[in-house]
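First up is the structure itself, then whatever we jot down about it.
The values are calculated or read from the model by the stated rules, or taken from the named source; none is laboratory data. Everything numeric here is computed off the predicted structure, so don't read it as measured data. Cβ placement follows ideal geometry from the backbone for every residue including glycine, while neighbour counts extend to all protein chains displayed.
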Amino acid sequence: MAKENKSRYALLGMLSLMSGSGYDIKKAIEYSVGNFWNESYPQIYPMLKQLEQEGLTSSSVEKQAGRPDRHVYALTEKGWDVLKHWLGEPFEYQHERNELLLKLFFGVLNPATISIEHVRRHRAFQEELLARYELTESEVRSRQEANPNFPYWRITLSYGQHISRALLAWCDETLDVLEQLSAASASGE
């Protein structure tokens, strides 16, 4: 059985927050769920057309001076029903593909210093990510705290913050192990 394309639900969800063009939806995804869900323009535009063909969205054309027409999509009643039904269904666990872990698994084939550099890079990324989560939370709280969606948005930010903190601790632990391996290798043990 073919796996269902979850992009449709990401787009329906974004359209539940606002009507918009494919460009608007892409920008909203980047700002809101982009840390845990991504959609590219080549995914968005065909899916929007498909959703409209299925009667889940409707579109209108806005004329723009000196620019191409803007197609603005909105959820239909059927689209709202499909989105709400999907939200109530159990979720599927996703298998993560993690290149860092794959390289570390086979790390014995290189000097430990290479693995150390990989983990240091990952640690720096997690520090940046955690800072971005905290800035996003502050910005959203200052502008959207009264929005009924805010507690749910805060939940997803909290998840990211917890994951980043856990990964920082893992990086520190891993660096200790790798530095011991590097020192043992340098001393010829």
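Things worth noting here:
- Residue, nearest to ILE25 (Cα to Cα), within segment 52-77, restricted to residues that are among the basic types (Lys, Arg) and in contact with an Asp or Glu (Cβ under 8 Å, 6 or more places away or on another chain): ARG70
- Extreme residue, farthest from LEU129 (Cα to Cα), among residues of segment 20-38 that are assigned to a helix (DSSP H, G or I) and not hydroxyl-bearing (Ser, Thr, Tyr): GLY22
- The condition (being more than 17 Å from GLU30 (Cα to Cα) and among the charged types (D, E, K, R)) is satisfied by just one residue among ARG132, ARG121: ARG121.
- Residue selection: GLU128 satisfies the criterion of being closer than 23 Å to SER32 by Cα and acidic (Asp, Glu).
- Members of segment 72-99 found to be crowded, with 16+ Cβ neighbours inside 10 Å and part of a helix (DSSP H, G or I), listed by number: GLY79, VAL82, LEU83
- Residue check, LEU135 part of a helix (DSSP H, G or I) and modelled with pLDDT of 95 or more: no
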